[in-house]
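First the structure, in the form of structure tokens, and then the observations on it.
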Number of protein chains: 2
Amino acid sequence: MSELRKDPVSGGWVIISVERGKRPTDFGMRVSPKKGGFCAFCKGNEYTTPPEIAAIRPDGSSPNTPGWSTRVVPNKFPALHIESELDKIADGVYHKMGGVGAHEVIIESPDHDVTLSTLPLKSLEDVLRMFHCRISDLKKDKRLKYVLIFKNEGAAAGASLEHSHTQLIALPIVPKLVHEEIVNARLYHEHKGQCIFCDIIQQEKMANIRVVSENECYLCLSPYAPRSPFETWILPKKHECGFAPDGSFSLLAQILQQTLKQIDKILNLPPYNMMIHISPFENEINEYYHWHIEIKPLLTKIAGFEWGSGFYINPTPPEEAAKFMREAQI
Amino acid sequence: MSELRKDPVSGGWVIISVERGKRPTDFGMRVSPKKGGFCAFCKGNEYTTPPEIAAIRPDGSSPNTPGWSTRVVPNKFPALHIESELDKIADGVYHKMGGVGAHEVIIESPDHDVTLSTLPLKSLEDVLRMFHCRISDLKKDKRLKYVLIFKNEGAAAGASLEHSHTQLIALPIVPKLVHEEIVNARLYHEHKGQCIFCDIIQQEKMANIRVVSENECYLCLSPYAPRSPFETWILPKKHECGFAPDGSFSLLAQILQQTLKQIDKILNLPPYNMMIHISPFENEINEYYHWHIEIKPLLTKIAGFEWGSGFYINPTPPEEAAKFMREAQI
């Protein structure tokens with residue numbers, strides 16, 4: 001029989017429908033092998049992207065030349081622009097504002113063939129450190145309220161270029177899903193005097209059925225009410241609102257790469273989306289919100305039911321997903 | 001330059017990013033031609049589905065035999081079950097309940113080759129009347145709070161069988177997206193003493209730039225903040241909370257089929273999802289919520305940004321979409 005589960009943070013419900021139960025290998029979605037050809041993100045082609053915003057490169061090497069290990073450039077087709085005006089216009093029942101923001105691409109490696117799960121661990125650490133730098137820099141623009149860092153791996157998950165990269169979009173408003181999490185987390189904190197994520201971490205460690213792995217600083221788990229099969233979260237075990245303020249990038253790189261390798265192994269290189277949720281810049285330091293990474297392999301289709309309801313039907317209980325993940329031979 | 005627009009009903013924001021602007025024919029998604037082969041939904045194969053729940057068939061003809069024009073059967077792999085128990089269980093921070101509900105399939109025609117846009121108009125009217133009957137019947141089960149009627153056209157939009165059909169899922173809770181619309185609509189009504197949808201209809205008729213078509217009872221429009229290109233809504237012009245209580249099924253069939261033909265014509269038979277939003281059974285008659293149909297052609301990919309933010313990036317302004325729709329030669 002199926003059951004309805006509520007995600008305590010977002011407030012969203014999912015239907016865990018085990019009759020539709022599938023083993024990891026039944027889903028049959030995988031990232032296509034890379035075709036190669038000319039690539040603007042490869043070393044040597046730096047001149048073909050918009051001028052770089054930041055890069056990790058040897059001292060003395062010039063911007064927009066080879067030698068870098070991580071490179072940040074503006075998105076060539078940005079959804080938002082830093083030079084827009086934040087005009088807010090009402091028109092009867094409607095409201096709009098100028099598309100102020102930033103849309104950047106973090107190229108994770110000069111090498112066309114690596115992925116986030118096969119990158120040298122030290123390079124992944126640099127990528128995470130670069131996320132932190134870009135957030136810190138964009139925060140200075142007081143018009144911006146939030147930075148969402150996200151990755152689309154594979155064309156089916158929305159990647160338009162096959163060279164591994166992450167994107168960030170800086171927004172003049174706090175996005176809806178983050179706002180919902182904030183509202184629920186604040187309400188929980190008012191009632192219980194605790195961070196809801198800290199309580200989840202404690203309960204999950206006690207139950208130990210949805211925990212995938214942990215290290216000194218981070219916990220990886222299959223969330224109680226996953227929107228799709230093998231959705232996986234990584235959270236700092238200590239209460240932290242912003243992205244990795246303690247600078248434990250090496251431990252984060254370790255658990256993130258291990259998790260991606262487990263997903264690649266048991267699901268056979270699936271397309272996936274990865275999102276980092278942090279506290280909005282306003283009230284960035286608080287007791288109720290806890291930053292975390294969400295990884296969503298793309299294994300099922302979003303259809304009319306999901307579009308019309310905001311409910312998700314998931315054929316794989318997270319307890320099973322966590323077990324498969326733990327037992328993956330990577 | 002791009003702009004941010006807020007949907008006044010859901011409260012969700014979208015980015016209208018015209019630099020990414022595409023003409024309708026640029027999207028390149030279309031429903032694959034039907035392959036045929038054995039089909040459980042075709043006339044003559046009634047015995048291969050679970051026993052029928054309802055059908056429009058000549059007087060005296062037996063259930064589960066040919067002769068029907070519209071037929072309703074349980075989904076063979078239901079997400080929810082009417083015979084489940086509504087046990088609500090708390091486990092620390094988590095909440096779950098039994099998967100009580102119904103999951104039915106409305107087979108729109110015995111003919112394998114028609115679609116909702118090529119069905120005889122009289123048959124479409126019967127399909128709409130059947131939606132109404134099923135909602136009225138399921139409403140009697142007091143455990144159920146909502147019925148969502150939805151259609152997935154094309155495999156890419158989530159259809160697992162190519163024979164045209166609509167589904168319904170009856171739920172023991174009001175789904176999140178409907179709840180959000182209700183909360184916003186109620187708030188608007190408290191402040192303005194008006195139904196927000198009635199005000200939208202009035203404003204759209206005055207502006208006349210996003211209106212696609214209208215008839216005596218219904219208005220078809222491109223919503224102000226569409227989540228995806230060519231999203232289209234059909235609303236009753238008079239305030240109505242439930243699904244077609246005045247029984248104007250022929251006028252609804254007319255405008256729905258015309259709209260689907262316009263979409264098929266300009267987007268070259270795209271996959272799409274269609275959802276019907278009605279008032280929840282509790283407070284079914286009210287002054288603030290207005291039932292409507294939402295049609296979402298599947299032309300763009302939902303990726304990490306959408307999953308992480310609840311924002312949508314749309315390359316086609318609704319004003320342009322409405323113009324293309326109006327000018328479609330159908």
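Remark: label point of residue A:121 defined 7 Å out from Cα along the Cα-Cβ vector; separations to the same position in other copies 7.0 nm, ascending. Projecting the Cα atoms of A:253, A:223, A:8 onto the charge dipole of chain A (Cβ charges, centred on the Cα centre) puts A:223 farthest toward the positive pole.
Residue and distance for the chain B Cβ closest to the axis that moves B onto A, in whole Å, come to B:302, 3. Mind putting a number on the dipole of the protein assembly as shown about its Cα centre? Charges go on the C-beta only, +1 for Lys and Arg and -1 for Asp and Glu, and I need it in Debye to the nearest 20. Dipole magnitude for the protein assembly as shown comes out near 700 debye. Where both residues lie in the range A:1-156, what percent of DSSP beta bridges are antiparallel, nearest 5? Here the antiparallel bridges make up roughly 95 percent for the range A:1-156. As a proxy for reagent exposure, ranking A:127, B:183 by other Cβ atoms within 10 Å from fewest up yields B:183, A:127. Shown for residue B:92: label points 7 Å from Cα along the beta-carbon vector, and their distances to the equivalent points in the other copies, 5.1 nm in ascending order. Considering only B:47, B:118, B:290, the residue lying farthest towards the positive end of the dipole of chain B is B:118, judged by Cα position with unit charges set on Cβ.
Annotation note: trypsin sites (Lys or Arg not before Pro) in the range B:20-108 located in DSSP loop regions with a Cβ neighbour count of at most 15 within 10 Å are B:22, B:30, B:34, B:35, B:76. Here the dipole of the range B:3-327 is about 440 debye; that uses its Cα centre as origin and unit charges on the Cβ of Lys and Arg (positive) and Asp and Glu (negative).
Of all beta bridges that DSSP places with both ends in the range A:3-327, some 90 percent have antiparallel geometry.
Inter-copy label distances at residue A:202, shortest first and taken from points set 7 Å along Cα to Cβ: 5.3 nm.
Computed with the Debye formula from one identical point scatterer per Cα of the protein assembly as shown, without solvent, the log10 of I(q)/I(0) at q = 0.06, 0.07, 0.11 Å⁻¹ comes to -0.34, -0.46, -1.18. Backbone N atoms of the range B:125-154 closer than 20 Å to the 7 Å Cα→Cβ label point of residue B:250 belong to residues B:125-133. The lysines within cross-link reach of residue B:261, meaning a Cα-to-Cα straight distance under 19 Å and a gap of 8 or more places when in the same chain, are B:34, B:122, B:151, B:296, B:323.
Per the Cα gyration tensor, the range A:246-330 maps to an equivalent ellipsoid with semi-axes of 25, 22, 11 Å, ordered largest to smallest. For the range A:135-272, a simple Cβ point-charge model (Lys and Arg +1, Asp and Glu -1, everything else neutral) yields a dipole of about 300 debye relative to the Cα centre. For the range A:19-68, a Kirkwood radius taken over Cα pairs fed into Stokes-Einstein (4 °C, viscosity 1.567 mPa s) yields D = 89 µm²/s.
With viscosity 1.567 mPa s and temperature 4 °C, the Kirkwood radius over alpha carbon pairs of the range B:34-122 converts through Stokes-Einstein to a diffusion coefficient of 84 µm²/s. The lysines whose alpha-carbon is closer than 19 Å to the alpha-carbon of residue B:88, local same-chain residues fewer than 8 away aside, are A:6, B:96, B:142, B:145, B:176.
Our estimate of slack between residue A:329 and residue A:237, defined as 0.36 nm per intervening residue step minus the Cα-Cα distance, is 30.6 nm. Count the DSSP beta bridges whose two residues both fall in the protein assembly as shown, then state the antiparallel fraction as a percent rounded to the nearest 5. So the antiparallel bridges in the protein assembly as shown amount to around 95 percent. Once you've got the GNM for chain A with C-alpha springs shorter than 10 Å, pick whichever of A:147, A:73, A:93 has the biggest mean-square fluctuation. Result for chain A, Cα springs under 10 Å: A:93 fluctuates most.
Could you tell me the center-to-center distance, by alpha carbons, between the range B:64-92 and the range A:198-235 in angstrom? The range B:64-92 and the range A:198-235 have Cα centres separated by 32 Å.
By the equivalent-ellipsoid construction on the alpha carbon gyration tensor, the range A:196-319 comes out with semi-axes of 24, 18, 14 Å, ordered largest to smallest.
Rounded to the nearest whole angstrom, the semi-axes of the ellipsoid equivalent to the range B:124-272, taken from the Cα gyration tensor as √(5λ), stand at 24, 23, 16, largest first.
The C-alpha radius of gyration of the range B:1-85, expressed as a fraction of 2.2 N^0.38 Å, stands at 1.87.
What the Cα convex hull of the range A:80-172 gives, in volume per residue, is 116 Å³. Taking label positions 7 Å along the Cα-Cβ direction at both residue A:113 and residue B:207, the computed distance is 5.3 nm, reported to one decimal. Rg ratio for chain A: its Cα radius of gyration over 2.2 N^0.38 Å, N being its residue count, equals 1.00.
None of the figures in this text is laboratory data; all of them are computed from the coordinates on show. Small disclaimer: the values here were computed from a predicted structure and weren't measured. Counting neighbours? That spans all protein chains shown, and the Cβs are built from the backbone with ideal geometry, glycine included.
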